[in-house]
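For reference, the structure I am asking about is given below.
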Amino acid sequence: MIQMRELCVLPPLVADEEIVAVTASFDGQLAAVAVRRGDVSSAALFLFDGNDWQRTAMRPYGVAYPHLALLPGNETLVIYSRSDRRGNGEWDDNAYVYDPTGRQRRSFCLGDGIEHVAVDAAGAIWVAYFDEGVFGDGNSGIGRSGLVRFSADGQQLWQYEPPSGADYIADCYALNVDARTTWICYYTEFPLVKIEGGRATAYAPTPVRGARSVMVHGRDVVFVGEYDDHMRLASCRLAGTSVEYVDQAVFVEPGGEQVPLFRPFAARGSRLYVTTDDRVLLADLADDDNRVRVR
């Protein structure tokens, strides 16, 4: 069992609004974006201050179902997963930065076929790509390596090169970005790869195929989801350069009730943030109870 705790309920909405993105920064700041159904000309940004959600209008806007991330300086990054290439060879911008007042300050392109986005403690943007971002445009697009690190202004700083024991990324299923360490798990062979200081280390083989999230604390690893069951949790251990299966796990409430349905939205080191119908929950492998339970 892996114990979860409730952080808050989801933001209060007005008529016809729906939440289209939720995120958590590396240090636990929660944010969400809501739009009116059928109208993406403006949006509402919600930031959680530890007690309540603070609402700010965002204009101009235009992304129905974005990725969301928080940048240093109280800036918010909204990203559309797709980008089209124009006749002159340039790609359309698909990343938009908003200041604390909700005004759009700059935009840039982070490539086509974006699967995951997260920001580390240095303010760098990590972008993982699905197969169309990797292989699209004759494998010459921004996301051809499957994982790229950008500056807060969209300048490419680093791109993934597979280490010994891992193949190239065809589709990045899971991305975990903490303050200084990044973990990925990807198709086709699903190695678990740690990236720290620009150096990648592969742990392979792994016992799970198709995991959509991963939590890591020390040598403890929990894969969240697999091809046949998106709710399945596999408790594992790093063993040398491979990953060993330990046992199946479940998420439980503090009272012991199982959390049967959840939607992961951010993995940050040992922490996994999820939503249920109306709540935001957190599981942390570093919690004392969970350090015992996952073994």
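The values are calculated or read from the model by the stated rules, or taken from the named source; none is laboratory data. Everything numeric here is computed off the predicted structure, so don't read it as measured data. Positions of Cβ are backbone-derived with ideal geometry, glycine not excepted, and every protein chain shown enters the neighbour counts.
Yes/no matrix, rows are residues, columns are (1) modelled with pLDDT of 95 or more; (2) under 25 Å from ARG149 (Cα atoms); (3) buried (at least 20 other Cβ atoms within 10 Å of the Cβ); (4) among the charged types (D, E, K, R):
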site: LEU192; (1), (2), (3), (4): yes, yes, yes, no
site: ALA204; (1), (2), (3), (4): yes, yes, no, no
site: PRO207; (1), (2), (3), (4): yes, no, no, no
site: GLY210; (1), (2), (3), (4): yes, yes, no, no
site: GLY218; (1), (2), (3), (4): yes, yes, no, no
site: PHE223; (1), (2), (3), (4): yes, yes, yes, no
site: GLU226; (1), (2), (3), (4): yes, no, no, yes
site: SER235; (1), (2), (3), (4): yes, no, yes, no
site: LEU238; (1), (2), (3), (4): yes, no, no, no
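Something else: Restricting the search to segment 82-98, which residues are surrounded by fewer than 16 Cβ atoms within 10 Å (Cβ to Cβ) and in a loop (DSSP other than H, G, I, E, B)?
Selection gives ARG82, ASP84, ARG86, GLY87, ASN88, GLY89, GLU90, ASP92, ASP93.
Show the residue pairs that are 6+ apart or on different chains and have beta-carbon atoms under 7 Å apart, the first residue being within segment 35-58 and touching a residue at least 24 places away in the same chain (Cβ under 8 Å), the second being crowded, with 16+ Cβ neighbours inside 10 Å and basic (Lys, Arg).
What qualifies is ALA44/ARG55; PHE46/ARG55.
Among ALA179, ALA118, which is the only one that is among the aliphatic types (A, V, I, L, M), under 29 Å from THR56 (Cβ atoms), part of a loop (DSSP other than H, G, I, E, B) and touching a residue at least 60 places away in the same chain (Cβ under 8 Å)?
ALA179
In the set ALA57, ALA44, ALA31, which member is of a type outside the set (Asp, Glu) and under 30 Å from ALA234 (Cβ atoms)?
ALA31
Separate question: Can you say whether ALA200 is part of a loop (DSSP other than H, G, I, E, B), over 14 Å from ALA174 (Cα atoms) and aliphatic (A, V, I, L, M), as far as the supplied structure shows?
In short, no.
Show the residue pairs that are 6+ apart or on different chains and have beta-carbon atoms under 6 Å apart, the first residue being within segment 85-104 and closer than 13 Å to PRO60 by Cα, the second being in a loop (DSSP other than H, G, I, E, B) and among the β-branched types (Val, Ile, Thr).
none
Among the numbered conditions (1) surrounded by 18 or more Cβ atoms within 10 Å (Cβ to Cβ); (2) hydroxyl-bearing (Ser, Thr, Tyr); (3) under 28 Å from ALA69 (Cβ atoms), tell me where TYR187 comes up short.
(1) is the only condition that TYR187 fails.
For segment 14-59, give me the residue count where each residue is farther than 22 Å from VAL117 by Cα, in contact with a strand residue (DSSP E or B) (Cβ under 7 Å, 6 or more places away or on another chain) and assigned to a loop (DSSP other than H, G, I, E, B).
Summing the residues that are farther than 22 Å from VAL117 by Cα, in contact with a strand residue (DSSP E or B) (Cβ under 7 Å, 6 or more places away or on another chain) and assigned to a loop (DSSP other than H, G, I, E, B) in segment 14-59 gives 2.
Six or more apart or on different chains, Cβ atoms under 7 Å: show the pairs whose first residue is in segment 145-156 and free of Cβ contacts under 8 Å to residues at least 24 places away in the same chain and whose second is in a strand (DSSP E or B).
GLN156/VAL148; GLN156/PHE150
So which of ASP131, ASP120, ASP112 is under 16 Å from the mean Cα position of the chain (by Cα), within 21 Å of ALA174 (Cα to Cα) and among the charged types (D, E, K, R)?
Only one candidate passes the filter, namely ASP120.
Mind checking which residues of segment 69-81 are surrounded by fewer than 21 Cβ atoms within 10 Å (Cβ to Cβ) and either closer than 16 Å to GLU18 by Cβ or hydroxyl-bearing (Ser, Thr, Tyr) (or both)?
Passing the criteria: only TYR80.
Residues of segment 207-222 being of a type in the set (D, E, K, R) and within 17 Å of the chain's Cα centre (by Cα), which ones?
ARG212
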